[in-house]
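A.B. asks: Quick one: this structure, given as structure tokens, is what I'll be asking you about.
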Amino acid sequence: MLYSQTRTKLAQISDCLRQAGLWSTTAPSAQAMESTAPFACDLMPLEQWLQFIFIPRMQALIDAGQPLPSQIAIAPMAQHVWQNMGQLQLLIGVLNELDMLLNEPR
């Protein structure tokens with residue numbers, strides 16, 4: 001159940017990124033992909049981190065039947081980064097829903 005709910009949220013995040021025009025057809029550089037900063041914020045925008053790092057890693061965990069993170073907080077970062085972009089409130093809401101889903105006691 002948790003896997004299917006998470007997969008649905010990941011698809012919604014992808015859809016929101018596309019609808020907002022934030023979906024990229026070009027991957028970040030190899031250097032950016034190796035960033036160790038939270039959200040790779042030193043080398044890529046949050047939307048690229050979501051598309052190229054977070055979503056693929058979460059899908060890989062689901063596909064492998066591995067445990068999902070139980071303490072995440074992506075929505076606060078999204079709110080901070082996109083606070084003046086009203087058109088991204090739906091995306092921030094979906095990220096908040098994913099945070100709440102994964103942070104629920106299991």
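A.B. asks: Could you tell me which of rounded, prolate or oblate describes segment 20-65, using a ≥ b ≥ c as the square roots of the eigenvalues of the alpha-carbon gyration tensor, with rounded for a/c under 1.5 and, failing that, prolate when a/b is larger than b/c and oblate otherwise?
C.D. replies: Judged from the Cα gyration tensor, segment 20-65 comes out oblate (a/c at least 1.5, b/c at or above a/b).
A.B. asks: Can I ask one more? Check every DSSP H run in the chain and write down those whose alpha carbon atoms cover 15 angstrom or more along the long axis and whose mean Kyte-Doolittle hydropathy is 0.5 or greater.
C.D. replies: Details: long enough: 2-19 (25 Å, -0.61); 89-103 (21 Å, 1.03).
Taking the DSSP H segments of the chain (at least 15 Å long, mean hydropathy at least 0.5), we get 89-103.
A.B. asks: Another question, then. Tell me which label goes with the value of percent of Cα pairs over 19 Å apart computed from the coordinates here: (i) 37; (ii) 55; (iii) 43.
C.D. replies: Label of the calculated value: (iii).
A.B. asks: Find how much the distance from T8 to M85 grows on full extension, using 0.36 nm per residue of separation minus their present alpha carbon separation; answer in nm with one decimal.
C.D. replies: Numbers: separation 77, 0.36 × 77 = 27.72 nm, distance 2.40 nm.
Contour length minus the Cα-Cα distance gives 25.3 nm.
A.B. asks: Express in nm, to one decimal, how much length is gained between M100 and R57 on full extension, taking 0.36 nm for each residue of separation and deducting their alpha carbon distance.
C.D. replies: Stretched fully, the M100-R57 segment lengthens by 13.6 nm.
A.B. asks: Let me ask you something else. Percent relative contact order of segment 45-106, based on C-alpha pairs within less than 8 angstrom and at least six residues apart? Let's see the in-between values first.
C.D. replies: On the way: 34 pairs, mean separation 23.4, N = 62.
Reported relative contact order: 38 percent.
Each reported figure results from applying straightforward, stated rules to the coordinates on display, with no laboratory input. Given the structure is predicted, the values throughout are model-derived calculations rather than measurements.
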